[in-house]
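One structure below.
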Amino acid sequence: MIRFNDLEIFVRSAALGSFTAAALEAGLLPGQAAEAVKRLERELDVRLFARTTRSLRLTAEGEQYLPSALTALEALQRGRDDLRRDPAQLQGTLQLSAPSDLGRNLLLPWLTDFRREHPLLHLRFLLSDQLVDLFRDPVDIAIRYGLDVDASYVALPLAPRNRKVLVASPRYLARCGQPQTPEDLRDHQCLLYMQQGRLYDKWRLGTETVQVGGTLLSDDADVARRWAVAGEGITYKSWLDVSDDVLAGRLVLLMPDHPGPALPLSLVCPHRKQLSPTVTRLHAWLFERFAGLPNPGEAAPSTR
């Protein structure tokens, strides 16, 4: 049986060109280093070194075997390191995609805290309002809105009671009045944004769908929220995107008797085999934090 220490002596003797130097490095006598190499040669039934009184060099067989010895030692070292590592400590690289507004305003501080708890974890956080293709794009998991999550994905719920809401700032409402019905939105400045490369200007409220218009449009949904906070108009967003603003009084919920459609939030990945300890732990972490947020019906009432 090949001994771990004999492999180490062989590799170091080859690197240093001397049994004596390898022995001193390992805290052995020169004869002990030579004997370790002889044991390895007997196990392999080859001569690894050509020895003279003045030199030590690898034979052709020794040169052929050296890469395998290095690979074996590296694998053994990795195994030893893994045994010593805290099993609760996550590591590796996780590439996560999320919508822009949700990513900046909710997920960013939560993910920062999660990464601090797992300093060996490398996190790549990609923000976009475009729907990523988890089978082609360089992403491991995605945070995604909607009831129609592709059946080919594995979807883990994060905020199943989330929905669309209509909001505006107190400043805008004081200046322009408050709409009472979906049709009233045609007379208001509606803040628009793009979704999947298309203008999102048909807003469903209760059983009605109204086509709205406005002079402000962005390809970043977070901009529409910021415009609304600044008093520039009315916008129609995920409750999760505007909940902090509503609770702080920067925005007001409008037409609660005409609720927007359900918009559950999920963590999705292509295959169950990708539900690694990191993904599973992250899902539990995020689910707990989303559960701590109020639902739209628990928020401050709209003004009249």
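Which residue out of Ala284, Ala262, Ala248 is at pLDDT 90 or above, under 21 Å from Leu131 (Cβ atoms), surrounded by fewer than 18 Cβ atoms within 10 Å (Cβ to Cβ) and more than 13 Å from the chain's Cα centre (by Cα)?
Exactly one residue qualifies, and that residue is Ala262.
Give all pairs with beta carbons closer than 7 Å in which a residue from the range 211-240 that is touching a residue at least 24 places away in the same chain (Cβ under 8 Å) and surrounded by fewer than 19 Cβ atoms within 10 Å (Cβ to Cβ) meets a residue that is in a helix (DSSP H, G or I) and of a type in the set (Lys, Arg); count only pairs at least 6 apart in sequence or on separate chains.
Qualifying pairs under 7 Å: Gly231/Arg171.
Within the range 183-195, is there a residue that is free of Cβ contacts under 8 Å to residues at least 12 places away in the same chain and closer than 15 Å to Ala168 by Cβ?
Yes, the range 183-195 contains a residue that is free of Cβ contacts under 8 Å to residues at least 12 places away in the same chain and closer than 15 Å to Ala168 by Cβ.
Among the residues of the range 195-210 satisfying the criterion of being surrounded by 15 or more Cβ atoms within 10 Å (Cβ to Cβ) and out of contact with any helix residue (DSSP H, G or I) (no Cβ under 8 Å at 6 or more places or on another chain), which is nearest to Leu166 (Cα to Cα)?
Arg204
Return yes when Arg39 is in a loop (DSSP other than H, G, I, E, B) and at pLDDT 90 or above and no when it is not.
Against the criterion (in a loop (DSSP other than H, G, I, E, B) and at pLDDT 90 or above), Arg39 does not qualify.
Among the candidates Glu232, Glu288, Glu208, single out the residue that is within 25 Å of Trp110 (Cβ to Cβ) and acidic (Asp, Glu).
Glu288
When you scan the range 24-45, how many residues do you find that are without any contact (Cβ under 8 Å) to a residue 12 or more places away in the chain and of a type in the set (Lys, Arg)?
Residues that pass the stated criteria total 2.
Quick check on my filter: what residues within the range 9-36 are at pLDDT 90 or above and among the acidic types (Asp, Glu)?
Passing the criteria: only Glu35.
The values are calculated or read from the model by the stated rules, or taken from the named source; none is laboratory data. All values reported here derive from a predicted model rather than from experimental measurement. All Cβ positions, even for glycine, are placed from backbone atoms using ideal geometry, and neighbour counts span all protein chains on display.
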